[in-house]
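Engineer: Quick one: the structure is below, questions incoming.
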Amino acid sequence: MNGRFKWSMYMAAKYQPNEIEGKWQQFWENERTFYTNEASLAPKFYMLEMFPYPSGRLHMGHVRNYSIGDVVARYKVKCGFNVMHPFGWDAFGLPAENAAIERGVHPAGWTYANIKDMRGQLQKLGLGYDWDREIATCHPDYYKWEQLIFLRAYEKGLVYRKKALVNWSEKMQTVLANEQVIDGVDYRYGLPVIQKELTQWFFKTTAYAEELLDGIDNVLEENWPRRVLLEQRSRIGKSHGARVEFRLEEAIEGETTLPVFTTRPDTLWGVTFMSLAAEHPMALKLAEGTDKEADVNAFIQKTLSEDKRKRGSEDYEKQGVFTGKYCTNPVNGTKVPVYIANFVLMDYGTGAVMAVPAHDQRDFEFAQKYGLPIKVVIHPDENTSLDAAAMTEAYVEDGVMVNSEMFNGKNNRESIEQIADYLEEKGWGGKTINYRLRDWCVSRQRYWGAPIPVIYCDKCDVVPVAEDQLPVMLPEDVKFEAEGGSPLAKCESFVHTTCPKCGGAARRETDTFDTFMESSWYQLRYASPRFEKGPVDPAAIEKWLPVDQYIGGIEHAVGHLMYSRFYHRLMQDLGFFPKSVSPEPFHKLLTQGMVCKETRFTKDENGNPVWHTDDDIDENGMSKKNGQKVLTGRVEKMSKSKYNGVDPEAIMARYGVDSARMFVLFASPPENDLVWKDEGVEGVHRFLSRVWNMVQQRLDDLKVAAAFDGNTAGLSSDGKELHKLTHQTIKGVTEDVHERFHFNTAIAKSMEFMNAISKFRGEAGNAQDASVQRDAVLVLVNLLSVFAPHICEELWQLLGQTGSISTVAWPTYDEDAVKESTITIAIQVMGKMRGTVEAPAGCSKGEMEKLALAHENIQKHIEGKTVRKVIVVPGKLVNIVAN
RNA sequence: GCCAGGGUGGCGGAAUUGGUAGACGCAAGGGACUUAAAAUCCCUCGAGUGAAAACUUGUACGGGUUCGAUUCCCGUCCCUGGUACCA
């Protein structure tokens, strides 16, 4: 013990997380540490993670998502922000209905029980939420506002009805969601699913295409992951082109022209036929009453009955049928045959395509198959011409226009705009912009969702439910069966109603909303979760929106994130909150990676894998199921089917919450996939134990030491080093946490700091050393408290500090204290490392060069050579060029 | 096919602007303590040569720019994700 601090002589208590964690969770709840203070004048910070579906079981993906969010929220609290960090439940959805069918439990009961269970599990994670703001989207107080928003949008013409195809199972007499259809058959019986047309409700998302693009350019560009923006841009799919109207031989239902969209008006003179989608409204009409009618009908029926996914697949054979009709190319009066083709999509452009086989590969293949003419209108250049008869594929590159009247000899790319202007001038079409984005179909033929507030009357047609009649409640007394259609449609008491207009007998809409409707505006509702006069309190929106930091899975890159961006603008335009609020709901986005684990398996007699959990394997690596040697498979996303999931509760029970949280933060940066390793959790658990033991062992010294006054003069050289490292660590950790969210490196720096503190032994009797050690330990606990809050609260208290570490200010560093007094200079000869030398900080270039040349090993390397040049990077490196 | 992002020890990952590659952790090996084990602590740890000092080599592969390249440029291979008859 000579020259050292006394160590506590009693046996310090071992780190036992389960004994302290509950206590501090209760403390935060009692003190309302993480509840928003509406009266606070501090700047606001709205922190939000994507809310979960209440499946009933917390999984590691949740632990990761919410741990990341909690670090940011805790950090912002410590930085003095007035933080709003709410939580809720995306509570409508299919699993509840499946549970009802399979186990006879009511979706509502099942859902609320799951919420209770999951809330308990989350609270055990020690997450700092404002539970006063909790919402569940299946609650009428939530969905009634959604119904109101829908009605207002309907009034404004932003909602409409049209026919659309759905997946229909004859066996089950019901509509299936896309995920319930696997390779064209249903998930339950494996029987065929057909496409059936139903009238459904749509939001006019397309009206916002341009605004959604503007938001990306003006607000999100720097703040959202590039990947997500790219996916959103490509989903919106803006493309410039021209509309061209081909004349029909005779009017069909009053239509005299067949409009097409093309991005290549420069190939207009090369059109040799026309292709229509099978769904095109004119498809059936064209052949009506002709000898082609039977063939055309058969072809359309065949195409429509095929699975959407199959139609989109690569090896799908391009087929078509001639309608017997022709239309006329306005620019040159050429009559071209009209075909129905199975590769033309009704969803894009006008559902009709002008076919230019010479310059489009699909049209080329189609023309060859059906013996249609190929007409070249672009040559690669003046000296190279194409021969249609000799072509083996379409020429899609740029070149010189030919056979195109007044455009002959011109560059095709440069002529595109002029041709569009020419069409406009002649009244044959004109410039246009087309979007890939489709209107949003919100009708779902399911029970467990928000009812669409509409009534159908034989006399008055479609009648919206009066606003004072909202909510249209989801009835509870319904039967759930796998077969026989929607429970809501069979619920007589729900369906039969009176018409609000004429008072006669009428029927209610029995479809419910897509669950993306609920998740599109929950971030707005959180600002005033119990507001009774509307979906949102405008004052609260002005105060809290936008969300400053949003965190969630990359799988929502387009779906949820596109719908909520649309919905935010929609609600703003409907006047629910003012235009002064940002048009974007989420200003910063972090998309975290998946939680994965290696898979373990044996093989059955057919060579197919039989997945194993860790518990299925004995200590010799053999299967308890079949006695075979267990093999290790790829690292894959944790899933029930692969048996590679890890139960968060088991981990928490074994290592404690802080270790579980810390591991998911330390194992990799948030945006990467995380590979789960039990040994890794043990590692961070060991680290936390070392912190715990260090504080316990030095507690007596730490408690009696005076607060460090910042005066470094009296410190021993080790003391000076520790003081410097303290400030360097604050700087490094702050930078890692602040914008980069690189918690893995922040934790690594804390570990290095901890290792240095453990090694530190102050000079005997040096009070300044004792103080600087105290300062270091307090800083360590403060920094770690955002990652491992429970142990840090306990240690903070143990160290005799008052208050909660959760509300103590984040430490700040002194720029001078961070600076090194001596620097290590790297010395290279011809760019190769040959040694290092210590030099005082601020050492001049000349001195650096002198020190480098004097280095023993360097002399050896430059011996007998001429020094041509010496490159000196101040404070870093000297490179000697010699030969 | 197209678009995007990657490829660094046995593993997860560091290296923020071109300047000492491999921080931190895991695993592994060796040692201390113990009757023993666990726990804990100490040491080693990219590959090769060497007793050591040191040297060679090394960030998918092949080139280039540079005094100097994991980092910048060109080409190739591989992986992951998104998207796909988009007219």
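Every read-out reported here was derived from the displayed coordinates using simple, explicitly stated rules and does not represent laboratory data. Remember, it's a predicted structure, so these values are computed and weren't measured experimentally. Counting neighbours? That spans all protein chains shown, and the Cβs are built from the backbone with ideal geometry, glycine included.
Engineer: Taking the simple approach of a point 7 Å from Cα along Cα-to-Cβ for both A:VAL185 and A:VAL867, what is their distance in nm?
Structural biologist: According to this spin-label approximation, the distance is 8.1 nm.
Engineer: Of the listed pairs A:LYS204/A:LYS459; A:LYS196/A:LYS642; A:LYS76/A:LYS731; A:LYS819/A:LYS860; A:LYS124/A:LYS533; A:LYS196/A:LYS302, which have alpha-carbon separations greater than 23 Å here? All intermediate terms of the calculation are to be shown ahead of the outcome.
Structural biologist: Working: A:LYS204/A:LYS459 27 Å; A:LYS196/A:LYS642 35 Å; A:LYS76/A:LYS731 16 Å; A:LYS819/A:LYS860 33 Å; A:LYS124/A:LYS533 35 Å; A:LYS196/A:LYS302 13 Å.
Those over the limit are A:LYS204/A:LYS459; A:LYS196/A:LYS642; A:LYS819/A:LYS860; A:LYS124/A:LYS533.
Engineer: Oh, and also: Work the Kirkwood hydrodynamic radius out for the range A:653-766: mean of 1/r over every pair of different alpha-carbon atoms, inverted, in Å.
Structural biologist: Working: mean 1/r = 0.0626 Å⁻¹.
So the Kirkwood estimate lands at 16.0 Å.
Engineer: Spin-label point model (7 Å from Cα, Cβ direction): what's the A:LYS410 to A:GLN26 distance in nm?
Structural biologist: In this crude label model, A:LYS410 to A:GLN26 measures out at 8.3 nm.
Engineer: Let me ask something else. Going toward the positive end of the dipole of chain A, with +1 on Lys and Arg Cβ and -1 on Asp and Glu Cβ, which of A:GLY842, A:HIS587, A:ILE617 do you reach last?
Structural biologist: A:GLY842
Engineer: Assuming R0 = 45 Å, what is the FRET efficiency of A:ASP604 and A:GLU393, from their Cβ-Cβ distance, to the nearest 0.05? Could you put the intermediate results ahead of the total?
Structural biologist: Working: r = 47 Å, r/R0 = 1.03.
Efficiency computed from Cβ-Cβ geometry: 0.45.
Engineer: Still on this structure, I have one more. Could you tell me the convex hull volume per residue, in Å³, taken over the Cα atoms of chain A?
Structural biologist: Working: hull volume 243.3 nm³, N = 883.
Dividing the Cα hull volume of chain A by its residues yields 276 Å³.
Engineer: Here's another thing I want to ask about it. Run the numbers for A:ARG690 and A:GLU102: contour at 0.36 nm per residue of separation, minus the present Cα-Cα distance, in nm. Please list the in-between numbers first.
Structural biologist: On the way: separation 588, 0.36 × 588 = 211.68 nm, distance 4.97 nm.
Full extension of this stretch gives 206.7 nm more.
Engineer: May I ask you to give the average projected area over all directions of the convex hull of the Cα atoms of the range A:786-883, in nm² rounded to one decimal? It would help to have the intermediate numbers written out before the result.
Structural biologist: Numbers: hull surface 38.4 nm².
With every direction weighted equally, the projected area is 9.6 nm².
Engineer: Nearest 20 debye, what's the magnitude of the dipole of the range A:822-882 about its Cα centre given +1 on Lys and Arg Cβ and -1 on Asp and Glu Cβ? Display every interim value, and only then the final one.
Structural biologist: On the way: 9 positive and 5 negative charges, 58 e Å.
I would put it at about 280 debye.
Engineer: Can you find, among A:VAL271, A:LEU851, A:GLY534, the residue sitting farthest towards the positive end of the charge dipole of chain A, where Lys and Arg contribute +1 and Asp and Glu -1 at Cβ?
Structural biologist: Projecting each Cα onto the dipole axis, the largest value belongs to A:LEU851.
Engineer: Next question. So, R0 is 60 Å and r is the distance between the beta-carbons of A:MET622 and A:ALA13; what FRET efficiency does that work out to, to 0.05? Write out the running numbers ahead of the final one.
Structural biologist: Details: r = 41 Å, r/R0 = 0.68.
Computed FRET efficiency for A:MET622 and A:ALA13: 0.90.
Engineer: Here's something else I'd like to know. Measure out, as a whole number of angstrom, how far apart the alpha-carbon centroids of the range A:157-234 and the range A:804-830 sit.
Structural biologist: The distance from the Cα centre of the range A:157-234 to that of the range A:804-830 comes to 52 Å.
Engineer: If the chain between A:ALA706 and A:THR822 were fully stretched, how many nm would it gain, using 0.36 nm times the residue separation less the Cα-Cα distance?
Structural biologist: On the way: separation 116, 0.36 × 116 = 41.76 nm, distance 2.90 nm.
Taking 0.36 nm per residue and subtracting the Cα distance, the gain is 38.9 nm.
Engineer: What percentages make up the Cα-Cα pair-distance distribution of the range A:695-818 when the bins are 5 Å wide from 0?
Structural biologist: 2, 11, 22, 24, 22, 13, 5, 1, 0
Engineer: Determine the dipole magnitude for chain A: charges of +1 sit on the beta-carbon of Lys and Arg, -1 on that of Asp and Glu, nothing else is charged, the reference point is the Cα centre, and the result goes in debye to the nearest 20.
Structural biologist: Working: 104 positive and 122 negative charges, 345 e Å.
That gives a dipole near 1660 debye.
Engineer: How big is the C-alpha Rg of the range A:239-434 next to the rule-of-thumb value 2.2 N^0.38 Å, as a ratio? Walk me through the intermediate numbers first.
Structural biologist: Numbers: Rg = 16.5 Å, N = 196, 2.2 N^0.38 = 16.3 Å.
The value comes to 1.01.
Engineer: Counting only C-alpha contacts under 8 Å and six or more residues apart, can you give the relative contact order of the range A:640-701 as a whole percent? List each step's numbers first, then the result.
Structural biologist: Values: 23 pairs, mean separation 17.1, N = 62.
So the answer I get is 28 percent.
Engineer: Whole-Hz Karplus ³J(HN,Hα) for the range A:261-272, in order, using 6.51 cos²θ - 1.76 cosθ + 1.60 and θ = phi - 60°, x for Gly and Pro?
Structural biologist: Those phi angles translate into 10, 9, 8, 10, x, 5, 9, 4, 6, x, 5, 10 Hz.
Engineer: Going by Cα centres, the range A:639-708 and the range A:518-592 are how many Å apart?
Structural biologist: The distance from the Cα centre of the range A:639-708 to that of the range A:518-592 comes to 34 Å.
Engineer: Explain nothing, just the number: dipole magnitude of the range A:427-527 about its Cα centre with +1 on each Lys and Arg Cβ and -1 on each Asp and Glu Cβ, in debye rounded to the nearest 20.
Structural biologist: Values: 12 positive and 14 negative charges, 96 e Å.
The calculated dipole for the range A:427-527 is roughly 460 debye.
Engineer: Moving on to the next point. What is the calculated FRET efficiency for A:SER639 to A:GLU739, with r their C-beta to C-beta distance and R₀ = 41 Å, to the nearest 0.05? Spell out each step's value before the answer.
Structural biologist: On the way: r = 33 Å, r/R0 = 0.81.
About 0.80, to the nearest 0.05.
Engineer: May I pose another question? Mind checking which of A:LEU877, A:PRO52, A:PHE480 is farthest towards the positive end of chain A's charge dipole, using Cβ charges of +1 (Lys, Arg) and -1 (Asp, Glu) about the Cα centre?
Structural biologist: A:LEU877
Engineer: What trypsin sites (Lys or Arg not before Pro) in the range A:777-883 are in a loop by DSSP, with at most 14 other Cβ atoms within 10 Å of the Cβ? Don't skip to the end; give the middle numbers.
Structural biologist: Values: sites: A:LYS819, A:LYS832, A:ARG834, A:LYS845, A:LYS850, A:LYS860, A:LYS865, A:ARG868, A:LYS869, A:LYS876; in loops: A:LYS819, A:LYS865, A:LYS876.
Sites meeting the loop and neighbour criteria: A:LYS819, A:LYS865, A:LYS876.
Engineer: Highest mean first, what order results for A:713-723, A:28-38, A:339-349 on Cβ atoms within 10 Å? Spell out each step's value before the answer.
Structural biologist: Working: A:713-723: 16.9, A:28-38: 15.2, A:339-349: 19.8.
Highest mean packing first, the order is A:339-349, A:713-723, A:28-38.
Engineer: Hey, another quick one. Just grab the label-to-label distance for A:LEU198 and A:GLU293, each label 7 Å out from Cα along the Cβ direction, in nm (one decimal).
Structural biologist: Taking the simple label geometry, A:LEU198 and A:GLU293 are separated by 3.2 nm.
Engineer: OK, next. Using 0.36 nm times the number of residues separating A:ALA748 and A:ASP381, minus their current alpha carbon distance, what extension gain do you get? Each step should come with its number before you reach the end.
Structural biologist: Working: separation 367, 0.36 × 367 = 132.12 nm, distance 6.13 nm.
Additional length available on full extension: 126.0 nm.
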